[in-house]
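Here the structure comes first, spelled out in structure tokens, and everything after it is commentary.
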There are 4 protein chains.
Amino acid sequence: MTNAIDREEAESILQSAPFHQFLGVTFAEYENGKVLIECPFREELLVNEEKEIIHGGILSSLVDIAGHYAVLSAVGARVPTVDLRTDYLRPGRRGPFVIEAEVDRVGRNIAVADAEVRQEQRGEMKSVALGRGSYGVSHVD
Amino acid sequence: MTNAIDREEAESILQSAPFHQFLGVTFAEYENGKVLIECPFREELLVNEEKEIIHGGILSSLVDIAGHYAVLSAVGARVPTVDLRTDYLRPGRRGPFVIEAEVDRVGRNIAVADAEVRQEQRGEMKSVALGRGSYGVSHVD
Amino acid sequence: MTNAIDREEAESILQSAPFHQFLGVTFAEYENGKVLIECPFREELLVNEEKEIIHGGILSSLVDIAGHYAVLSAVGARVPTVDLRTDYLRPGRRGPFVIEAEVDRVGRNIAVADAEVRQEQRGEMKSVALGRGSYGVSHVD
Amino acid sequence: MTNAIDREEAESILQSAPFHQFLGVTFAEYENGKVLIECPFREELLVNEEKEIIHGGILSSLVDIAGHYAVLSAVGARVPTVDLRTDYLRPGRRGPFVIEAEVDRVGRNIAVADAEVRQEQRGEMKSVALGRGSYGVSHVD
């Protein structure tokens with residue numbers, strides 16, 4: 001592992017991405033190897049306007065983002081996503097999301113991180129999607 | 001398999017989703033079990049403005065959408081994504097994408113579809129991402 | 001959810017499979033929605049005899065088995081694996097494995113379970129592989 | 001890409017693994033970036049003796065092996081599996097399997113390969129499982 005990145009710098013990288021600005025994602029927590037990200041609701045995230053269901057691609061995007069910054073916080077460099085997998089547990093609904101991600105392992109070629117997308121539904125926090133991603137780690141840089 | 005959905009009806013479902021309107025996705029081809037989708041460029045899709053790299057979450061979203069409509073075209077009903085996996089082969093760049101998806105198998109509980117996101121880069125069509133998704137098939141409806 | 005299956009019956013199903021007999025897997029713990037499985041070492045599991053590294057296919061098999069019985073314990077019926085994903089965190093070595101699996105969610109079409117393959121290496125319990133599987137749930141049967 | 005490995009050397013690596021000897025896998029075809037592997041039937045591969053269904057873990061193992069040697073043939077070095085995903089399209093039955101695998105992309109950190117497990121069932125070749133794996137590529141060695 002090379003130098004870690006502090007929260008201010010990570011926040012600045014997070015906010016520099018036009019897609020992140022569109023989503024409005026921000027850090028709620030930022031630790032070494034673990035992040036909590038918040039994402040507000042906006043109409044463009046819906047796949048079904050009538051039933052107010054969030055698009056699965058958005059949930060995968062949130063998994064990707066959270067996993068990426070969990071790895072970045074531990075590795076201290078940009079870490080391109082190598083592959084991403086999302087399991088959809090229940091529909092995402094109108095309203096904000098929180099996404100928690102944690103590094104499972106930093107290896108020689110890649111790092112693996114787990115993420116969970118959660119949302120309050122009917123007064124209860126529910127797990128909406130589980131994701132896992134592999135991120136390229138270049139120790140040469 | 002129940003009744004299939006014709007292109008006009010599928011196009012209308014595709015266009016009814018606010019996130020699809022944001023992306024501007026349209027069918028270039030629509031067959032039974034196979035679709036070709038086009039997605040234009042817009043600035044909000046970028047993860048890195050300077051290097052003009054497309055966000056991985058967008059590529060996963062395109063995989064999800066294409067796989068979904070490939071299955072929908074064969075099954076004839078809405079088919080919620082159960083899980084989604086994307087392998088990122090090279091960075092997506094400024095410019096439009098085409099996404100081809102094909103059904104691998106329609107089973108009793110789920111259908112599996114493969115999708116490939118392609119883009120012209122330096123005068124050549126390149127494979128940017130490969131994805132595979134499982135979609136819930138409810139034969140009861 | 002239909003009738004759950006008790007430990008004795010689950011053990012009998014587990015032991016009825018020739019591949020499970022080959023592996024020698026047994027339940028160390030068996031709860032509703034959660035199992036702990038043990039797998040002893042044998043030479044045929046190696047991919048590299050000299051370095052004594054366990055074959056990745058064996059680790060995926062252990063993930064599949066543990067996830068399957070976690071779901072079976074909750075759902076109370078045979079639950080065919082729909083898809084399986086394994087992340088290899090470090091090489092598996094000569095010696096026994098324990099695999100813990102837990103159901104994440106039982107849905108209408110499928111159930112999702114997480115599994116972790118662990119092993120004592122150099123005096124410490126190490127996470128060797130993480131896996132997640134989708135299992136078909138037929139509520140009609 | 002470094003030096004490729006010829007068929008004889010690849011065959012010797014394939015046969016050196018105790019688990020491969022147990023399975024009895026051999027190359028039917030071996031090209032740069034593409035292999036065809038054959039696996040005979042044996043009783044220990046079954047998950048359900050009565051219905052003569054092959055264990056899903058065996059199918060995942062075959063995906064892993066085929067993908068690994070497709071990458072090895074292109075990269076010319078041992079390539080540890082980073083992650084593996086298998087979609088089960090239909091049950092594997094008593095009888096031999098053929099597994100075709102092809103490299104999708106060799107990147108800086110990892111290579112991606114696709115594999116398909118096929119089997120003759122009721123006089124027709126059927127696709128039994130689709131798999132995709134990521135394999136670590138160390139250009140430093």
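The values are calculated or read from the model by the stated rules, or taken from the named source; none is laboratory data. Note that this is a predicted model, so its numbers are computed, not measured. Here the Cβ positions follow ideal geometry from the backbone for every residue, glycine too, while neighbour counts run over all protein chains shown.
Here are some notes:
- Across the range B:68-98, the qualifying residues are those that are within 19 Å of residue A:129 (Cα to Cα) and among the hydrophobic types (A, V, I, L, M, F, W, C), and the one among them that is surrounded by the fewest Cβ atoms within 10 Å (Cβ to Cβ) is B:79.
- Only one of the numbered conditions (1) without any contact (Cβ under 8 Å) to a residue 40 or more places away in the chain; (2) buried (at least 23 other Cβ atoms within 10 Å of the Cβ); (3) farther than 19 Å from residue A:105 by Cβ is not met by residue C:65, and that is (1).
- Complete set of residues in the range D:63-104 that are touching a helix residue (DSSP H, G or I) at 6+ places or on another chain (Cβ under 9 Å) and of a type in the set (A, V, I, L, M): D:63, D:65, D:72, D:79, D:84, D:99, D:101, D:103
- Filtered residues of the range D:47-62 (kept if more than 7 Å from chain C (Cβ to nearest Cβ), of a type in the set (D, E, K, R) and either touching a helix residue (DSSP H, G or I) at 6+ places or on another chain (Cβ under 7 Å) or on the phi > 0 side of the Ramachandran plot (or both)): D:52
- Odd one out for residue C:10 among (1) within 12 Å of another protein chain (Cβ to nearest Cβ); (2) surrounded by 14 or more Cβ atoms within 10 Å (Cβ to Cβ): (1)
- Of the set (1) facing another protein chain (nearest Cβ under 10 Å); (2) in contact with a helix residue (DSSP H, G or I) (Cβ under 9 Å, 6 or more places away or on another chain), all apply to residue D:127 but (2).
- Looking across the range A:43-53, just one residue is exposed (fewer than 14 other Cβ atoms within 10 Å of the Cβ) and at pLDDT 95 or above, and that is A:43.
- Exactly one residue out of C:74, C:17, C:28 is under 13 Å from the mean Cα position of the chain (by Cα) and at pLDDT 95 or above, and it is C:28.
- Any hit, the range C:95-102, residues being out of contact with any Asp or Glu (no Cβ under 9 Å at 6 or more places or on another chain) and either modelled with pLDDT of 95 or more or not basic (Lys, Arg) (or both): no
- Long-range neighbours under 6 Å by Cβ, at least six apart or interchain, first residue among the basic types (Lys, Arg) within the range B:12-41, second crowded, with 17+ Cβ neighbours inside 10 Å: B:34/B:70; B:34/B:102
- Screening the candidates D:44, D:100, D:38, D:50 for the property of being in a helix (DSSP H, G or I) and acidic (Asp, Glu) yields one hit, D:44.
- Of the residues making up the range C:110-134, those that are out of contact with any Asp or Glu (no Cβ under 9 Å at 6 or more places or on another chain) and either buried (at least 24 other Cβ atoms within 10 Å of the Cβ) or basic (Lys, Arg) (or both) number 2.
- Flag for residue D:65 being within 12 Å of chain C (Cβ to nearest Cβ), under 14 Å from the mean Cα position of the chain (by Cα) and more than 24 Å from residue B:84 (Cβ to Cβ): yes
- Looking across C:66, C:74, C:115, one residue alone is assigned to a helix (DSSP H, G or I) and closer than 30 Å to residue D:69 by Cβ. It is C:66.
- Meets criteria (more than 17 Å from residue C:109 (Cβ to Cβ), more than 8 Å from every other protein chain (Cβ to nearest Cβ) and of a type in the set (A, V, I, L, M)) for residue B:70: yes
- Selection count where residues are touching a Phe, Trp or Tyr at 6+ places or on another chain (Cβ under 7 Å), aliphatic (A, V, I, L, M) and within 14 Å of chain C (Cβ to nearest Cβ), scope the range A:76-100: 1
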